[in-house]
Amino acid sequence: MSGMFLSYFTPRDITNSDAQARVGFERMTRELRQIRSATATDLDVASTAQVRFNDTDGNGVCFYRDAATSRLMRSADGPATACGSTGPQPLSDFVSNLFFRYYTNDGTTTTAAPASVYYVTVHVDVQDNNVSDTLRATIHPRNF
């Protein structure tokens, strides 16, 4: 009987955590394509744990992981304000790890200078009970 319950709950956990993570991940990658420019006023690359930028409409956007709740979060904070200060919204539960890398146009060299950023790589680890998944994407913002 225990095996029967386990065979029901495991696929359910996989489906639930995967669906949530993919929806949040897709929104994040879509918005990263809208970074206004590769300048320090529009993109903050100081942290690999969060990304803060201004979109093409001048709105501040920040994606980060709330460690207390293991959630992928989005807030309306740009490079000049701290993530989570303005209207934080949860995008996905079960996020055990989130990091960003910034690359030059050769695609292999990391950079900490906003003017040199050509690609943004996103890595999200999802963990729900005994189920884990990793989502990765490399984004080239349209205005770079």
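Every number here is computed from the coordinates shown, using simple stated rules; none is lab data. This one's a predicted model, so the numbers in the text were calculated from it and none came from an experiment. Reconstructed Cβ throughout: ideal geometry from the backbone, glycine too, with neighbour counts over all protein chains shown.
Worth a mention:
- Estimated at 0.36 nm per residue, the fully extended path between Thr108 and Asp66 surpasses their Cα-Cα distance by 12.2 nm.
- Computed from the C-beta positions of Asp133 and Gln89, the FRET efficiency with R₀ = 25 Å rounds to 0.70.
- In the chain, the longest principal axis of the Cα atoms and the axis of helix 2-32 are about 10 degrees apart.
- Across the range 57-62, computed HN-Hα scalar couplings (Karplus, 6.51 cos²θ - 1.76 cosθ + 1.60, θ = phi - 60°) run 8, x, 7, x, 9, 9 Hz from first to last residue, x flagging Gly and Pro.
- Packing order of peptides 93-101, 133-141, highest average first: 93-101, 133-141 (average count of other Cβ atoms within 10 Å over each peptide's residues).
- Peptides 116-122, 81-87 ordered by packing proxy, namely the average of other Cβ atoms within 10 Å per residue, highest first: 116-122, 81-87.
- Net lengthening on full extension, Arg142/Ser96 (0.36 nm per residue, minus Cα-Cα): 13.7 nm
- The range 31-120: C-alpha pair distances exceeding 18 Å, %: 42 percent
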